[in-house]
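*Asks:* Handing you this structure, nothing more for now.
No value in this document is a laboratory result; all are computed from the given coordinates. As the structure is a computational prediction, the values presented were derived from the model and not from experiment. Neighbour counts are summed over all protein chains in view; Cβ atoms, including those assigned to glycine, are modelled from backbone coordinates with ideal geometry.
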Amino acid sequence: MFLELLILIAVVVGAAVLWASPRQRAHQFFFVQSLAIASWATAILLSVAGSAADTVTGAAPYNWLRVNGVLGAIIPALGWLIVHALLEPAASLRRLVSRAAPWLVLGAISASLCLFDTFFFLNPASGRRDQGLPYVAHAIINASSYTALSWYVWRGLSRQPAALRLKLRLLALNFALAFLLMLAISVVGNFTGFYIVKRIGFALIAAAFLSVGWGAAFSHFASSSQAAFATLRCAIVALWIAVAVPIASTWASRHFASSVDLVLGWLACSAIALWLNRTLREWFRRNHARATKRLRQAIIETARTEPHTGKLIEKFEHLLADCSGTDRCHVCVTSGEPHDVKAYAALGAEAHAALCQLGSATPERLDRWQLPPGHEHLSRYLRTHGFGAAFAIPLGSPSPSMIVCLGAKRDGWPLTFPELDRLQNVAELMDNILARSRLTEQAALQSKMAHLAMMSRGLAHDLKNLITPVSSFLIHTDGRYQPGSVEAEVHAAARRSVRIMTDYVREALFFSQRLTPRFERLLPAQIAESVREVLGARARQRGIALSLHLETTTSFSADAVLVQRMLANLIANAIDASQTGQAVSLHIRTTAGDHIQFVVTDSGCGIAPEHVGRIFDAYFTTKEFGDDVRGFGLGLTIAQKIAELHHGTIAASSTLGSGTTMTVELPVRQLPRQLPSATAAANLSPASASAS
């Protein structure tokens with residue numbers, strides 16, 4: 001029974017490892033080694049069957065034992081090929097064979113010893129199976145090869161990366177040690193005649209295969225201890241079935257018909273085995289559950305004390321990095337206010353699609369598995385940025401609301417499946433908390449904007465009523481004063497002041513309106529050209545180089561008038577913040593999250609750190625440059641309002657004295673609405689693009 005089980009396990013696990021990554025040389029050699037071990041066990045099985053048929057004169061059992069010896073000599077040589085293939089994954093087959101040549105030659109010598117008649121024979125004088133000198137030499141050579149292989153792998157483990165150390169242990173070291181112990185047990189059994197002890201050796205080989213099956217072929221385990229725990233759990237369940245089924249069947253045969261006693265025994269023992277398996281799994285996962293509970297409690301406590309979404313994300317990143325033992329963590333929120341936009345944009349469309357399909361990925365898993373198209377882009381992204389894992393939340397969603405990227409672990413080991421499972425569990429809680437935080441902030445912002453709009457509307461109407469008679473008087477008295485006189489200069493200054501006040505009123509009225517965008521399909525080139533027409537003269541007048549960079553031709557849904565107004569406000573701010581000879585640029589590109597991105601960059605005076613968080617507040621302004629007129633403080637507020645109307649985001653990054661970058665992201669697709677356009681925004685003049 002042990003041999004049949006070993007044959008089945010060897011073939012299944014070897015095929016699973018090959019299927020997981022058929023192009024890797026190490027997995028190919030491991031599959032060949034698995035077939036050799038299965039054939040080796042089959043030869044033993046046939047030898048036992050032949051011995052039972054003819055124990056005196058039959059030569060068949062000893063021929064099968066010689067076949068077993070030949071296969072046993074090949075197995076350590078294949079182990080050396082596996083090790084060299086793991087250490088040099090890009091090496092050619094010729095180079096790998098040359099590296100393992102001494103051990104291949106030694107294996108061939110050991111195999112040739114099995115052909116001698118005195119290797120294993122029946123002694124007519126004693127009636128016992130005897131082993132001659134060829135058998136002793138064969139055992140010594142094999143033991144030396146396994147010992148050297150174990151020493152070579154163990155000595156080099158500390159110099160290898162964690163993932164490679166794991167593979168070396170699973171695919172080479174545990175087999176070398178298992179066969180070394182099995183060889184010692186076999187020699188003792190053959191020379192003492194206690195052949196039953198050889199079953200222990202077969203159990204060692206089966207355990208080695210099971211550890212590979214869980215730890216190497218499948219992504220559920222990524223550490224030797226987890227594979228050992230799983231192997232122990234299955235071994236306990238298998239031992240229960242092996243012991244309990246015969247006992248239960250014997251008892252059932254005394255009380256029931258012989259045709260149903262085995263069935264009843266299997267049913268009873270299988271039910272208990274299922275309970276035992278579940279109990280052991282829960283016991284092994286108890287620490288994992290406690291760690292998950294502690295982390296969830298820490299996240300909930302953090303959310304209670306931090307109302308600001310951006311700072312909450314930063315605290316969540318620190319929590320995830322600490323609990324996973326990694327050097328850093330990036331939480332990229334793909335809905336609402338983007339966090340770590342650069343890292344998310346670098347992901348790319350192909351890698352983004354592969355991550356959405358997989359749910360989670362580690363470099364080790366991507367190397368082991370046959371994965372969907374795009375996984376090579378995802379693997380390149382993880383390795384380029386030094387990430388140890390990435391996963392999308394919610395799991396299985398084609399449009400995740402959050403992507404979490406974890407750095408490499410500080411101890412050098414890869415992130416294991418239980419660790420990723422715990423992190424994904426708490427990340428879904430984080431996603432819910434962040435969604436609620438964003439909704440709360442959005443509701444507060446809308447309430448604040450409504451209150452400010454009401455104030456602006458009243459103020460604008462009052463100012464308009466006050467300006468009207470003054471403006472009428474200035475028009476009526478135009479040309480009545482002698483050019484160059486004091487009265488003419490005062491008259492011109494008054495007209496200039498009225499014009500500026502009129503612009504302020506127009507800006508306040510626009511801000512106070514309840515705008516409803518009319519979405520239509522727009523081309524980036526169309527928007528860029530309209531912005532150039534509106535602001536080109538203003539840039540030339542101030543000696544600023546205005547450059548437009550179209551990095552995409554993808555159309556998007558938006559209200560053309562509102563988007564033009566938003567970009568005009570941003571670029572006008574950048575022009576006013578720049579000095580003669582400097583440049584202002586507009587980049588239009590698409591991102592991995594199906595968004596179109598507008599990036600306005602200048603190298604002007606920049607914004608002080610203490611002011612960056614307030615620049616979108618209505619009537620807040622630091623403008624003390626450009627036209628010698630202080631800003632009214634609504635330009636960026638209007639830009640934010642337009643971005644919100646398009647279900648997009650706007651963010652600022654600035655360094656005092658070095659310049660400012662404004663980033664707007666709008667969805668490429670919007671819900672179609674056939675409603676009146678925001679015609680109030682039609683007055684898009686350079687003067688109305690007031691700076692904040």
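*Asks:* Give me the net charge for the shell around Ile475: Cβ to Cβ below 15 angstrom, other residues only, Lys and Arg +1, Asp and Glu -1. Walk me through the numbers on the way to the answer.
*Replies:* Values: positive: Arg480, Arg495, Arg496, Arg499; negative: Asp478.
The answer is +3.
*Asks:* By the scheme Lys and Arg +1, Asp and Glu -1, what is the net charge of all other residues having a beta-carbon under 14 Å from that of Leu173? Could the numbers behind the result be given before it?
*Replies:* On the way: positive: Arg155, Arg165, Lys167, Arg169; negative: none.
Residues close to Leu173 contribute a combined charge of +4.
*Asks:* Tell me the net charge near Thr660. Cut-off is 12 Å between Cβ atoms, Thr660 excluded, with +1 for each Lys or Arg and -1 for each Asp or Glu. Numbers along the way, then the final one.
*Replies:* Values: positive: none; negative: Asp576, Asp602.
So the environment of Thr660 carries a net charge of -2.
*Asks:* Based on the mean of other beta carbon atoms within 10 Å per residue, what is the order of 422-429, 378-385, most packed first?
*Replies:* Working: 422-429: 19.2, 378-385: 17.4.
Packing proxy ranking, top to bottom: 422-429, 378-385.
*Asks:* Tell me whether the stretch 390-439 comes out rounded, prolate or oblate; compute the Cα gyration tensor, take square roots of the eigenvalues as a ≥ b ≥ c, and use a/c under 1.5 as the rounded threshold. Intermediate results must be reported in sequence, preceding the final value.
*Replies:* Working: a/c = 2.37, a/b = 2.00, b/c = 1.18.
Cα axes put the stretch 390-439 in the prolate bin.
*Asks:* For the cross-link pairs Lys167/Lys311; Lys315/Lys409; Lys311/Lys409, which exceed 30 Å when the distance is taken from alpha carbon to alpha carbon?
*Replies:* On the way: Lys167/Lys311 40 Å; Lys315/Lys409 19 Å; Lys311/Lys409 24 Å.
Checking Cα-Cα distances, Lys167/Lys311 exceed 30 Å.
*Asks:* Of the peptides 495-501, 133-139, 351-357, how do they stack up when ordered by the mean number of other Cβ atoms within 10 Å, highest first?
*Replies:* Values: 495-501: 14.9, 133-139: 18.4, 351-357: 21.1.
Output ranking for 495-501, 133-139, 351-357: 351-357, 133-139, 495-501.
*Asks:* What ranking, highest mean first, results for peptides 411-417, 483-489 when packing means the other Cβ atoms within 10 Å averaged over each residue?
*Replies:* On the way: 411-417: 17.7, 483-489: 10.4.
The most tightly packed comes first, giving 411-417, 483-489.
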